[in-house]
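Asks: Got a structure here, written out as structure tokens. Questions coming.
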Amino acid sequence: MPAGPDLRQEAENLAFYRERYYVGRRFYEEIVQHYRAHLKRLLPRLGTPRDARVLDVGCGMGYLEVALDGHFRNMTAVDLALPALRELRGRRPEVRLGVADAARLPFLDRSFDLVTSFEILEHVPDARRVGLEVMRVLAPGGTWVLLQHYRGDDYRHAMRLAGNLLRKLGLRKRDRPLETREVHIGARTPSGWIRYLEELGLVVTDTIVLSVLPPLHWIPALRARFYDLPVLTPIDHQLCRLGALSRFLAMGCLYVAQRAGEARP
């Protein structure tokens, strides 16, 4: 018989994000700028009306909400961590907020026309449960937008090996605070994320490649987010527009998936 969920591990994971993940974290304006660049490509292709019922699952400190700059008039955001929600409240007081586990959303069936989840699913132990909850609250004809990078246990392991080598060479003096814990536990390739959405019964209508070059933040000289570098940024942007080849090479994508049925007028 298949093994059941590890309830202790799940409880520890929830407690970590609720109580510890945001301790000492600051709000990074550069992430907002990156999200705005992503949204500039996404929103015209999405075509979702401004009065749509929108839910952001795992909103964190509100990078997406700030980047949207009030684009949607009826927006709700949920996260486990009160400190993160307080940060979002101070920046976007008009957004309705709630404390919730992504796998147990406190909303009625078919409550939202658009659900967003930006860089969340790699953190959860059971992405399928989250997907089923999103399907439950998503209205017929509604859309789920994921932003996911290709990272997880394998990626994290490679970063740790590189970090250990740099420390041995004397080029890196200390770990980052979260390096002792695997926070990206759900690795999938771009085709894997598409298959995940299709297995939930969604139709993937668009895939927008955001990045092809791997992040290089573990090299001390390149600690800035790699796509801020003036040489790499235009190269990466061009590689992202290579059609099917870019999807094969992609390190990060936006996935747009629709639930069958008539959309709300």
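The values are calculated or read from the model by the stated rules, or taken from the named source; none is laboratory data. All of these numbers come straight from a predicted model, not from anything done at the bench. For neighbour counting, all protein chains shown are included, and Cβ atoms are generated from backbone atoms with ideal geometry for every residue, glycine included.
Results for (1) farther than 30 Å from E262 by Cα; (2) at pLDDT 70 or above, shown as yes or no for each residue.
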residue	(1), (2)
A139	no, yes
G142	no, yes
L147	no, yes
R151	yes, no
R160	yes, no
N164	yes, no
L169	yes, yes
Y196	no, yes
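Asks: Something else now. Among the residues that make up the stretch 38-60, is at least one of them more than 13 Å from S117 (Cβ to Cβ), in a loop (DSSP other than H, G, I, E, B) and touching a helix residue (DSSP H, G or I) at 6+ places or on another chain (Cβ under 6 Å)?
Replies: No, the conditions are met nowhere in the stretch 38-60.
Asks: Scanning the stretch 107-134 for residues that are among the charged types (D, E, K, R) and not in a loop (DSSP other than H, G, I, E, B), which turns out farthest from the chain's Cα centre (by Cα)?
Replies: D113
Asks: For the stretch 240-265, which residues satisfy the criterion of being more than 21 Å from T116 (Cα to Cα) and either of a type in the set (F, W, Y) or modelled with pLDDT of 90 or more (or both)?
Replies: F248 - this is the single residue of the stretch 240-265 that is more than 21 Å from T116 (Cα to Cα) and either of a type in the set (F, W, Y) or modelled with pLDDT of 90 or more (or both).
Asks: Let me ask another. Given the conditions (1) under 15 Å from the mean Cα position of the chain (by Cα); (2) closer than 23 Å to S211 by Cβ, and given that D79 satisfies all but one, which numbered condition is not satisfied?
Replies: That leaves (2) as the condition not met.
Asks: Another one. Test R104 against the criterion of being under 25 Å from G186 (Cα atoms), surrounded by fewer than 16 Cβ atoms within 10 Å (Cβ to Cβ), of a type outside the set (S, T, Y) and over 16 Å from the mean Cα position of the chain (by Cα), and give yes or no.
Replies: For R104, the condition - under 25 Å from G186 (Cα atoms), surrounded by fewer than 16 Cβ atoms within 10 Å (Cβ to Cβ), of a type outside the set (S, T, Y) and over 16 Å from the mean Cα position of the chain (by Cα) - is met.
Asks: What's the number of the only condition in (1) farther than 21 Å from C253 by Cα; (2) part of a strand (DSSP E or B) that G70 fails to meet?
Replies: It is condition (2) that G70 fails.
Asks: Sort out which residues of the stretch 19-60 are at pLDDT 85 or above, farther than 28 Å from V203 by Cα and either of a type in the set (S, T, Y) or under 17 Å from the mean Cα position of the chain (by Cα) (or both), and write them in order of number.
Replies: Of everything in the stretch 19-60, those that are at pLDDT 85 or above, farther than 28 Å from V203 by Cα and either of a type in the set (S, T, Y) or under 17 Å from the mean Cα position of the chain (by Cα) (or both) turn out to be Y21, Y22, F27, Y28, E29, I31, V32, Q33.
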